[in-house]
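The values are calculated or read from the model by the stated rules, or taken from the named source; none is laboratory data. Model, not experiment: these values are computed from the prediction. We place every Cβ from the backbone using ideal geometry, glycine too, and count neighbours over all the protein chains shown. Keep in mind that these areas ignore ligands, DNA and RNA; they rest on the heavy atoms of the full protein, side chains included. Shrake-Rupley method; radii C 1.70, N 1.55, O 1.52, S 1.80 Å.
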Amino acid sequence: MAASLRLRGAASGLRYWSRRQQPAVASLAAVCSRSMASKTPVGFIGVGNMGNPMAKNLMKHGYPLIIYDVFPDACKEFLDAGEQVVSSPADVAEKADRIITMLPTSINAIEAYSGANGILKKVKKGSLLIDSSTIDPMVSKELAKEVEKMGAVFMDAPVSGGVGAARSGNLTFMVGGAEEEFAAAQELLGCMGSNVVHCGAVGTGQAAKICNNLLLAISMIGTAEAMNLGIRLGLDPKLLAKILNMSSGRCWSSDTYNPVPGVMDGVPSANNYQGGFGTTLMAKDLGLAQDSATSTKSPILLGSQAHQIYRMMCAKGYSKKDFSSVFQFLREEETF
């Protein structure tokens with residue numbers, strides 16, 4: 001892999017692949033009523049917070065899996081359910097000609113595809129490789145070139161919806177790649193998501209995801225600020241959330257993923273901000289947005305401020321908490 005690609009990955013990379021999370025999920029090996037015909041094995045690399053439930057939904061749709069994760073413990077429940085667990089991405093490529101990768105950063109994706117034991121060491125001609133990580137669009141384009149040299153097909157397909165949507169199979173996939181390959185990708189992605197959208201050439205899926213998370217970060221900070229102000233003005237937080245959600249301030253951060261503890265059940269703010277989408281990963285995605293804004297000379301004034309806020313949160317002990325913990329951060333920063 002070219003040195004420039006590795007530098008891009010290193011610039012935005014974190015030195016780990018998956019965050020451990022293996023919540024109990026009933027009927028792990030359950031199979032839906034869809035026909036079992038032609039269900040050949042699918043490789044899945046990276047079964048962390050998001051990859052874990054995504055892989056389980058493929059199982060529920062009848063696909064045998066070839067699993068790899070850098071943390072062996074993350075694979076245990078798949079092994080217990082009868083799925084194959086192998087020791088490297090190359091081993092996955094040897095056993096499966098359709099592979100999905102779900103990794104935290106550009107550097108992790110580069111290692112998984114072109115590392116010493118990467119997918120490209122044993123990839124078969126005609127294989128379909130789908131990367132659902134959120135990484136630099138330029139890295140996706142470079143990986144696509146390397147994959148094409150091996151006679152295989154690469155598509156970027158980052159996701160939106162969070163862990164809850166991953167569990168319920170309601171993710172949105174933003175897909176970049178050759179239009180003639182989209183149907184093949186959609187067959188698999190449709191088992192894990194309710195929306196599978198073709199965005200254009202390789203890299204456009206990442207572009208769409210970066211723009212989405214830029215807006216998400218800004219709206220989450222705005223929701224946290226509004227809720228904090230209202231509470232300090234004497235408003236009941238549940239009442240304030242209700243008013244916001246029937247008014248013009250309504251957004252996903254307020255009505256589906258409210259950052260205030262006690263306002264909603266089943267979201268990270270109700271569980272001490274555990275699970276969900278980590279602050280570190282949001283800071284990473286905002287860094288990708290900042291890089292893209294610089295390269296395209298696009299002003300992102302609020303996005304840049306959001307990036308600094310999430311970087312500050314990482315430095316102050318919030319790195320492993322869900323990104324909605326920005327509410328807690330604002331509450332604690334009396335001199336912010």
Report task. Can you tell me the order of 95-105, 70-80, 111-121 when each peptide is scored by its average per-residue count of other Cβ atoms within 10 angstrom, highest first? Result -> 95-105, 111-121, 70-80
Query - the chain - share of DSSP beta bridges that are antiparallel (%, nearest 5) - result: 15
Report task. Provide the gained length on full extension for the span residue 125 to residue 170, in nm with one decimal, where the gain is 0.36 nm per separating residue minus the Cα-Cα distance. Result -> 13.1 nm
Report task. Out of all DSSP beta bridges with both ends in segment 42-200, state the antiparallel percent to the nearest 5. Result -> 10
Query raised in the report: Full extension from residue 271 to residue 236: what is 0.36 nm times the residue separation minus their Cα-Cα distance, to one decimal in nm?
Result: 10.6 nm
Requested in this report: Return the tail of the calculated pair distribution for segment 156-310, meaning the percent of Cα-Cα pairs more than 27 Å apart.
Outcome: 32
Query raised in the report: What nm value, rounded to one decimal, do you get for the distance between residue 117 and residue 331 when each label is placed 7 Å out toward the C-beta?
Result: 4.4
Requested in this report: Would you check the accessible area of residue 316, probe 1.4 Å, heavy atoms only, in square angstrom rounded to 10?
Outcome: 100
Report summary line: From the Cα centre of segment 150-208 to that of segment 269-285, the distance in Å is 23
**Report entry** Accessible surface of the chain [probe 1.4 Å, protein heavy atoms]: carbon and sulfur percent
**Finding:** 54
**Report entry** Degrees separating the helix 279-296 axis from the principal Cα axis of the chain, which is the longest one
**Finding:** 80
Query raised in the report: Taking the Cα atoms only, what angle lies between the long axis of helix 3-12 and the longest principal axis of the chain, rounded to 10 degrees?
Result: 30
Query raised in the report: What's the extension gain from residue 246 to residue 294 if we count 0.36 nm per residue and subtract their Cα-Cα distance?
Result: 13.6 nm
Query - Cross-link pairs beyond the 22 Å C-alpha cut-off, checked among 284/316; 95/121; 39/95; 209/316 - result: 209/316
**Report entry** Global form of segment 42-200, assessed from the alpha-carbon gyration tensor, a/c cut-off 1.5
**Finding:** rounded
Requested in this report: Using only Cα atoms, tell me the angle between helix 204-232 and the longest principal axis of the chain; keep it within 0 to 90° and round to the nearest 10.
Outcome: 20
Report summary line: Scoring the chain by relative contact order with C-alpha pairs under 8 Å, at least six apart, yields a percentage of 13
Query raised in the report: What are the extents of the Cα atoms of segment 69-149 along their three principal axes, listed from largest to smallest and rounded to whole Å?
Result: 37, 26, 20
Query raised in the report: For the chain, what is one quarter of the convex hull surface built on the Cα atoms, given in nm²?
Result: 17.2
Report task. Determine the calculated [θ] at 222 nm for the chain from helices alone, applying -39500 (n - 2.57) to every DSSP H run no shorter than 4 residues and normalising by the residue count; nearest 500 deg cm²/dmol. Result -> -13500 deg cm²/dmol
**Report entry** Residue order for 211, 314 - accessible surface, 1.4 angstrom probe, largest first
**Finding:** 211, 314
Requested in this report: Compare the peptides 280-286, 213-219, 176-182 by average per-residue count of other Cβ atoms within 10 angstrom and give them in order, highest first.
Outcome: 280-286, 213-219, 176-182
Query raised in the report: Highest mean first, what order results for 56-66, 200-210 on Cβ atoms within 10 Å?
Result: 200-210, 56-66
